[in-house]
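**Student:** Quick one: structure below, then a few questions.
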Amino acid sequence: MAGGAIVNPGGGKEYPGKLTLFVFLTCVVAATGGLIFGYDIGISGGVTSMDSFLEKFFPEVYRKEKKDTSTNQYCKFDSQLLTTFTSSLYLAALIASFLASAVTTVFGRKWSMFGGGLVFLVGAALNGAARNIFMLILGRILLGIGVGFANQSVPVYLSEMAPAHLRGMLNIGFQLMITVGILAANLINYGTSKINGGWGWRISLALAAVPAGIITLGALFLPDTPNSLIERGHPQEAKEMLRRIRGTDDVHEEYNDLVAASEESKLVKHPWANVIRRKYRPQLTMAILIPIFQQLTGINVIMFYAPVLFKTIGFGDNASLMSAVITGLVNVFSTLVSVFTVDKLGRRKLFLQGGFQMILCQIIVGTLIVIKLGTSGEGHFSKTYAAFMVFFICVYVAGFAWSWGPLGWLVPSEIFPLEIRSAGQSINVSVNMLFTFVIAQAFLAMLCHMKFGLFYFFAGWVVIMTTFVALFLPETKNVPIEEMILVWKAHWFWSKFISDDDIHVGNVEMSNGSKSKSVV
Ligand code: BGC
């Protein structure tokens, strides 16, 4: 690796070059991969709250909801089949993300995005035309495969294209597109639910083809990342690409680092066996815990089931979908806050502040529900009371949108050394999908059994994860990926997992001016 770099957590080595229009545009196009994930998250909640959809595919849930008005509000929608519709996608995405990791390595990132978009298109067509539950779930599995491929390749693509000091901002473009996808889905559901004739849900499901078309077409025009070109044996093209995306001819240092990192990574023959070695324990812990924690914030209770949830607390159909649109808007605009602050304030401050905000709001919302619905689930909300609830749910969503939302994808993607980066990314995506699945599958049953306590349950988890971040997550802002190991080495707890011999970041100076290990 090139020498002479200064590394200190909070400010790192800088390669020459600027944010070129070219790299900005490629990142925008690649980030649209987040649209398909977001559209899925948003669409199922609205569709499963539409009477015509329930009547056609889930007649029992429909009957229970309509005829048995005296029933406990908390349990109206509890149906395993209904949750399978929402959650089957995430199981498919989990499995697909492992396959995608191989495709991403062998054929490059863009073909993973292209393939994902294409499979997603077929899924959208199948769902829009669904005649029975089988077509519906098969379509959703295909959508899941698309999401698995996109979520595996897009964050890697963005991190590799971005200049180090803007890595946070450009990576969060992915999360921003997720939130735009969710909002678009909520708006579309709002519109299609008003269509007379009971086929509005078909439009909602079929319109998933639009974001799929965008990423499929977009991927065709995307250039490959320099890292991927080097990895696949095209060094000259890689160098030219680096010049183009950095807007300067002075790319030797960065190029040499990429080549060195790629060579070092080739020495590791079995990344999956390596990832469990003691020296990678800090990164492995984060790749498993961060996605678990992200889902245990309870965000998807709002994202998947906002309309159902708002119905539960007594809103009419229209008001339920409208509230989903409002939370969707808050989600998009609050994500922008992290786009502009993540490389300045750093990751930890956003995690901690967002965590406190979520805990407070969850306790307030749980308490507001218990005051009105009690444990029996019988009761009614006045307009003002309901508006209060929506307000606190929005403040909660905002807290998530500038902390665990974007950082749940960014941090795991930036902490792995290259030799185990692809394995680490697969672990992150699959654990995220597994827990998304678990929450989606369990939510309606949890609401029925835990009632308002569900909100306290998630608040408890946010207390745990916020404490965890405070104690165990070091700041990674502006630290070049190749030197990330020094951050762990300087940490009070993780340092004991890393011996001096494990530090192979050649010729790097610590912030106090002393030299660390030299080139290996
Ligand atoms: C999470 C999703 C969530 C979304 C909400 C993403 O980062 O992975 O599970 O629905 O944020 O904006």
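**Student:** The conditions are (1) within 24 Å of residue 406 (Cβ to Cβ); (2) in contact with a Phe, Trp or Tyr (Cβ under 9 Å, 6 or more places away or on another chain), and residue 257 fails exactly one of them. Which is it?
**Tutor:** The number of the failed condition is (1).
**Student:** Just checking, does the range 224-234 include any residue being closer than 22 Å to residue 44 by Cα, in contact with a Gly (Cβ under 7 Å, 6 or more places away or on another chain) and surrounded by 22 or more Cβ atoms within 10 Å (Cβ to Cβ)?
**Tutor:** Taking the range 224-234 as the starting set, the residues that turn out to be closer than 22 Å to residue 44 by Cα are none.
Taking every residue of the range 224-234 in turn, none turns out to be closer than 22 Å to residue 44 by Cα, in contact with a Gly (Cβ under 7 Å, 6 or more places away or on another chain) and surrounded by 22 or more Cβ atoms within 10 Å (Cβ to Cβ).
**Student:** Please state which of the following conditions residue 186 fails to meet, knowing it meets all the rest: (1) among the polar types (S, T, N, Q); (2) under 30 Å from residue 417 (Cβ atoms); (3) within 16 Å of the ligand (Cβ to nearest atom).
**Tutor:** Every condition holds for residue 186 apart from (2).
**Student:** Name, by its number, the condition in (1) within 25 Å of residue 423 (Cβ to Cβ); (2) free of Cβ contacts under 8 Å to residues at least 60 places away in the same chain; (3) more than 20 Å from the chain's Cα centre (by Cα) that does not hold for residue 164.
**Tutor:** All conditions pass for residue 164, except number (2).
**Student:** How many residues are away from the ligand (no atom under 13 Å from the Cβ) and modelled with pLDDT under 85 when one looks only at the range 289-314?
**Tutor:** Residues meeting the conditions: 8.
**Student:** So which residues in the range 358-372 are over 22 Å from residue 412 (Cβ atoms) and either touching a helix residue (DSSP H, G or I) at 6+ places or on another chain (Cβ under 6 Å) or among the hydroxyl-bearing types (Ser, Thr, Tyr) (or both), if there are any at all?
**Tutor:** Matches in the range 358-372: 359, 361, 362, 363, 364, 365, 366, 367, 368.
**Student:** Also, I was wondering about something else. Just to be sure before I move on: is residue 29 away from the ligand (no atom under 16 Å from the Cβ), within 18 Å of residue 155 (Cβ to Cβ) and part of a helix (DSSP H, G or I) in the structure I sent?
**Tutor:** The answer is yes for residue 29.
**Student:** Mind checking which residues of the range 201-251 are in a helix (DSSP H, G or I) and polar (S, T, N, Q)?
**Tutor:** From the range 201-251, those in a helix (DSSP H, G or I) are 201-206, 209-221, 226-231, 235-246; that's our starting set.
Within the range 201-251, 204, 216, 227, 228, 236 qualify.
**Student:** Does residue 276 satisfy the condition of being over 19 Å from residue 373 (Cα atoms), at pLDDT 85 or above and more than 16 Å from the ligand (Cβ to nearest atom)?
**Tutor:** yes
**Student:** Is it true that residue 404 is surrounded by fewer than 23 Cβ atoms within 10 Å (Cβ to Cβ) and either touching a strand residue (DSSP E or B) at 6+ places or on another chain (Cβ under 8 Å) or over 21 Å from residue 112 (Cβ atoms) (or both)?
**Tutor:** Values: surrounded by fewer than 23 Cβ atoms within 10 Å (Cβ to Cβ): no; either touching a strand residue (DSSP E or B) at 6+ places or on another chain (Cβ under 8 Å) or over 21 Å from residue 112 (Cβ atoms) (or both): yes.
So residue 404 does not fit the description; no.
**Student:** So, restricting to helices (runs of 4 or more DSSP H) that lie completely within the range 373-477, which ones have at least 3 residues that are more than 16 Å from the ligand (Cβ to nearest atom) and in contact with a helix residue (DSSP H, G or I) (Cβ under 7 Å, 6 or more places away or on another chain)? Full working, then the answer.
**Tutor:** Values: elements: 383-401, 404-414, 421-450, 453-472.
Ranges flagged: 383-401, 421-450, 453-472.
**Student:** Can you tell which of 141, 95 is under 18 Å from residue 304 (Cβ atoms), assigned to a helix (DSSP H, G or I) and aliphatic (A, V, I, L, M)?
**Tutor:** 141
**Student:** If I go through the range 353-375 residue by residue, how many of them are without any contact (Cβ under 8 Å) to a residue 60 or more places away in the chain and either touching a strand residue (DSSP E or B) at 6+ places or on another chain (Cβ under 6 Å) or closer than 15 Å to residue 399 by Cβ (or both)? Outline the logic, then answer.
**Tutor:** Initially, the range 353-375 is screened for residues without any contact (Cβ under 8 Å) to a residue 60 or more places away in the chain, giving 353-354, 357, 360-361, 364, 368, 371-372, 374.
Applying the additional criterion that residues be either touching a strand residue (DSSP E or B) at 6+ places or on another chain (Cβ under 6 Å) or closer than 15 Å to residue 399 by Cβ (or both) yields 353-354, 357, 360-361, 364.
Matching residues across the range 353-375 total 6.
**Student:** Which numbered condition trips up residue 480, out of (1) surrounded by fewer than 16 Cβ atoms within 10 Å (Cβ to Cβ); (2) at pLDDT below 85; (3) within 24 Å of the chain's Cα centre (by Cα); (4) not aliphatic (A, V, I, L, M)?
**Tutor:** (1)
The rows are residues; the columns are (1) at pLDDT below 95; (2) more than 22 Å from the chain's Cα centre (by Cα).
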residue: 316; (1), (2): yes, yes
residue: 324; (1), (2): yes, no
residue: 339; (1), (2): no, no
residue: 347; (1), (2): no, no
residue: 350; (1), (2): no, no
residue: 356; (1), (2): no, no
residue: 359; (1), (2): no, no
residue: 367; (1), (2): yes, yes
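**Student:** Looking at the structure I just gave you, is residue 350 within 16 Å of the ligand (Cβ to nearest atom) and either in contact (Cβ under 8 Å) with a residue 12 or more places away in the chain or touching a helix residue (DSSP H, G or I) at 6+ places or on another chain (Cβ under 8 Å) (or both)? Write out each step before concluding.
**Tutor:** Numbers: within 16 Å of the ligand (Cβ to nearest atom): yes; either in contact (Cβ under 8 Å) with a residue 12 or more places away in the chain or touching a helix residue (DSSP H, G or I) at 6+ places or on another chain (Cβ under 8 Å) (or both): yes.
Criteria met by residue 350.
**Student:** Yes or no: the range 372-384 includes at least one residue that is crowded, with 20+ Cβ neighbours inside 10 Å, farther than 30 Å from residue 271 by Cα and among the aliphatic types (A, V, I, L, M).
**Tutor:** yes
**Student:** Further, regarding this structure: Could you check the range 95-106 and list, in sequence order, the residues that are over 14 Å from residue 150 (Cβ atoms) and touching a residue at least 24 places away in the same chain (Cβ under 8 Å)?
**Tutor:** 95, 98, 105, 106 - these are the residues of the range 95-106 that are over 14 Å from residue 150 (Cβ atoms) and touching a residue at least 24 places away in the same chain (Cβ under 8 Å).
**Student:** So, residue 490, is that one of a type in the set (Gly, Ala, Ser), modelled with pLDDT of 90 or more and more than 30 Å from residue 262 (Cα to Cα) or not?
**Tutor:** In short, no.
**Student:** Could you check the range 252-365 for helices (runs of 4 or more DSSP H) lying wholly inside it with 1 or more residues that are at negative phi and surrounded by fewer than 16 Cβ atoms within 10 Å (Cβ to Cβ)?
**Tutor:** 252-267, 271-274, 281-296, 317-341
**Student:** Same structure again: Can you pull out the residues in the range 120-138 that are under 22 Å from residue 157 (Cα atoms) and surrounded by fewer than 23 Cβ atoms within 10 Å (Cβ to Cβ)?
**Tutor:** Residue satisfying the conditions is 121 alone.
The values are calculated or read from the model by the stated rules, or taken from the named source; none is laboratory data. None of these values were measured; they are calculated from a predicted model. Every residue, glycine among them, receives a Cβ derived from its backbone with ideal geometry; neighbour counts consider all protein chains shown.
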